[in-house]
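First up is the structure itself, then whatever we jot down about it.
The values are calculated or read from the model by the stated rules, or taken from the named source; none is laboratory data. For clarity, every value in this text was computed on a predicted model and none was experimentally measured. Virtual Cβ from ideal backbone geometry, glycine too; neighbours counted across all protein chains shown. Keep in mind that these areas ignore ligands, DNA and RNA; they rest on the heavy atoms of the full protein, side chains included. Shrake-Rupley method; radii C 1.70, N 1.55, O 1.52, S 1.80 Å.
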Amino acid sequence: MGPTRKPNVCSRLSRRALGCFSRDAGVVQRTNLGILRALVCQESTKFKNVWTTHSRSPIAYERGRIYFDNYRRCVSSVASEPRKLYEMPKCSKSEKIEDALLWECPVGDILPNSADYKSSLIALTAHNWLLRISATTGKILEKIYLGHYCKFRYLSWDTPQEVIAVKSAQNRGSAVVRQAGIQQPILLYLAVFQVLPFSLIGILEINKKIFGNVTDATLSHGILIVMYNSGLVRLYSFQTIAEQFMQQKLDLGCACRWGGTTGTVGESPFGIPCNIKITDTPPLLFEVSSLENAFQIGGHPWHYIITPNKKKQKGVFHICALKDNSLAKNGIQEMDCCSLESDWIYFHPDASGRIIHVGPNQVKVLKLTEIENNSSQHQISEDFVILANRENNKNENVLTVTASGRVVKKSFNLLDDDPEQETFKVVDYEDELDLLSVVAVTQIDAEGKAHLDFHCNEYGTLLKSIPLVESWDVTYSHEVYFDRDLVLHIEQKPNRVFSCYVYQMIAQGRIHLDISGQEAWRTQSKMMYVKYC
């Protein structure tokens with residue numbers, strides 16, 4: 001039998017109206033997204049630039065929301081034309097938001113208040129307050145004071161939507177202290193919280209006596225990752241460290257006596273004391289050396305990607321098994337290109353275990369498979385390749401005429417990222433529509449022109465191409481987001497001028513699809529909440 005033919009949009013809409021689905025709660029959502037994908041990719045669909053704005057402060061985008069003025073002004077991009085959701089009151093420089101994360105309702109958790117199921121912005125201010133802000137009204141719902149013993153600056157997910165890590169700036173000491181040669185024992189701090197309801201897991205200090213000359217440290221999926229200037233990367237279990245070296249369990253909002261001082265944990269001026277102080281070298285899980293500390297883990301089974309720690313090896317990637325450090329067959333990936341900007345590689349975010357390798361003129365999607373008759377070893381092979389639309393001839397001939405009238409022909413090689421050739425600049429994955437989005441740029445006369453292409457994530461087939469009306473300067477910093485029926489381009493120009501261009505899908509015979517980010521309903525005696533990521 002041949003492949004099953006997929007029903008068209010009209011058939012899907014009819015089946016949805018009749019309720020022809022299984023009892024699986026996600027079927028309706030998946031059907032809706034399948035309809036939207038068909039509409040996005042059909043030939044008659046256009047994407048129109050509906051809004052353009054400029055700002056003197058950085059612009060951020062997250063899940064249908066555009067943030068301005070250090071996250072204090074929020075604009076919804078879901079409507080036919082972006083509209084302001086809220087604007088928080090002006091504040092002093094010490095109260096500005098340094099970093100923020102969008103929290104959405106997790107699947108399966110029962111929260112204490114019904115309002116907690118709505119999205120929130122978790123924000124870190126310049127004066128060390130951790131805030132939970134309503135994502136729709138801008139109202140501050142919770143406040144936690146971290147303390148005054150260091151400057152907290154960065155937010156990241158340890159476990160997405162569940163555990164956050166708040167990292168301090170590195171303690172390098174004042175110029176006087178550095179000139180005097182005085183060593184700074186504490187290099188940085190990591191505060192770890194379970195989110196909603198907020199609860200403190202602990203605050204960890206990274207000190208020089210235990211870890212040495214650390215250049216950076218972070219948390220990811222319960223693993224403490226410590227990096228060194230030499231390129232060395234070391235991995236430790238945060239849970240083991242917390243269990244072994246936690247001095248005292250602290251609870252937010254409870255009275256605490258610490259260092260001769262009594263106060264309430266998480267309230268000003270007491271804050272949260274550092275309660276995890278490592279006094280001995282913790283057990284090492286894994287160690288590897290990589291150029292510029294570049295290190296990634298992914299795949300099925302677990303593999304990691306590094307670049308050998310030599311400058312001449314830049315652009316060479318080794319894919320190795322995590323269990324025994326063995327190099328996969330065809331595990332050395334090097335793109336045959338000559339360009340000013342280096343290529344990059346990462347594990348595919350669709351959790352398929354594949355690998356995406358991006359160069360100036362091609363995007364390779366690689367797959368990791370078992371070697372036949374040897375299940376303990378794996379090999380790397382190409383799944384598909386996306387090629388830039390350019391001429392095959394890399395040589396350029398230039399004719400010059402000498403003083404004597406003789407014509408001389410000189411030949412030279414073009415760079416693979418030559419601006420006059422189509423060059424890939426951004427590659428992203430739209431998880432809900434299962435599409436790869438690729439931004440390609442070509443310099444035409446004095447202006448760069450870009451277009452956004454949608455490719456089938458399974459086979460790499462080109463399904464749709466959208467021209468961007470604004471010029472693209474390759475010397476500027478760019479971010480491009482493709483989110484369902486929205487395309488958003490953020491550009492940073494010189495002198496801290498930021499521009500935002502919003503495109504929305506325009507389809508013939510507008511069809512309204514109820515594909516909201518969250519749905520909630522009651523089933524029998526319990527409340528079920530479903531989040532669509």
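Heavy-atom accessible area with a 1.4 Å probe sorts His148, His348, largest first, into His148, His348. Taking 23 Å as the limit for the C-alpha separation, the pairs Lys48/Lys464; Lys209/Lys310; Lys93/Lys151; Lys208/Lys277; Lys139/Lys249; Lys48/Lys84 exceed it in the case of Lys209/Lys310; Lys139/Lys249.
Accessible area of Trp51, 1.4 Å probe, to the nearest 10 Å²? Rounded to the nearest 10, the figure is 50 Å². For Thr240, the accessible surface of its heavy atoms amounts to roughly 50 Å² (probe 1.4 Å, protein chains only, rounded to the nearest 10). Solvent exposure of the stretch 296-387 amounts to 53 Å² per residue of accessible area, where only protein heavy atoms count and the probe is 1.4 Å.
Restricting the GluC sites (Glu not before Pro) of the stretch 199-272 to loop positions (DSSP other than H, G, I, E, B) with no more than 15 neighbouring Cβ atoms within 10 Å leaves Glu267. Asp116 contributes an accessible area of around 10 Å² to the protein surface, as traced by a 1.4 Å probe with all chains present. Could you let me know the centre-to-centre spacing of the stretch 347-367 and the stretch 80-153, using Cα atoms, in angstrom? Cα centroid to Cα centroid, the span is 34 Å.
Taking the 1.4 Å solvent-accessible surface of the stretch 27-150 as the whole, the part contributed by carbon and sulfur is 50%. Per residue, the solvent-accessible area of the stretch 422-467 (1.4 Å probe, heavy atoms of protein chains only, all protein chains present) comes to 39 Å². Placing a label point 7 Å from the Cα of Gln313 along the Cα-to-Cβ line, the residues of the stretch 196-216 whose backbone N sits under 20 Å from it are 215.
Taking Cβ atoms as reference points and 14 Å as the exclusive limit, the residues near Tyr228 contribute a net charge of -1, counting Lys and Arg as +1 and Asp and Glu as -1.
At a 1.4 Å probe, what is the % contribution of carbon and sulfur to the accessible area of the stretch 237-368? Show your work: numbers first, answer last.
On the way: 3340 of 6840 Å².
The computed percentage sits at 49.
Please identify the GluC sites (Glu not before Pro) of the stretch 28-134 that satisfy two criteria: DSSP loop assignment and at most 16 other Cβ atoms within 10 Å. Which are they?
Taking the stretch 28-134 and a limit of 16 other Cβ atoms within 10 Å, the loop GluC sites (Glu not before Pro) found are Glu43.
Using 1/(1 + (r/R0)^6) with R0 = 56 angstrom and r between the beta carbons of Asp336 and Cys91, what's the FRET efficiency to the nearest 0.05? Between Asp336 and Cys91 the formula returns 0.60.
Projected label points at Thr215 and Leu252, each 7 Å from Cα along the beta carbon direction, are separated by 3.4 nanometres.
An ellipsoid equivalent to the stretch 70-120, defined through the eigenvalues of its Cα gyration tensor, has semi-axes of 25, 18, 10 Å when rounded to whole angstrom and sorted largest first.
On the principal axes of its alpha carbon atoms, the stretch 296-387 extends 41, 29, 22 Å, with the longest extent given first.
Between the beta carbons of Thr461 and Lys493, assuming R0 = 22 Å, the FRET efficiency works out to 0.05 to the nearest 0.05.
Over 19 Å apart: what share of the alpha carbon pairs of the stretch 231-311 falls there, rounded to a whole percent? Across the stretch 231-311, Cα pairs with separations above 19 Å total 59 percent.
A Förster radius of 51 Å combined with the Cβ-Cβ distance from Asp109 to Lys323 puts the calculated FRET efficiency at roughly 0.95. Does the stretch 59-169 classify as rounded, prolate or oblate by the C-alpha gyration tensor (a ≥ b ≥ c root eigenvalues; a/c under 1.5 gives rounded; else a/b over b/c gives prolate, otherwise oblate)? Note, shape of the stretch 59-169 comes out oblate.
Per-residue extension of 0.36 nm, minus the Cα-Cα distance of Glu43 and Tyr476, leaves a gain of 152.7 nm for this segment. Accessible surface calculations at 1.4 Å, restricted to protein heavy atoms, place the stretch 91-289 at 47 Å² per residue.
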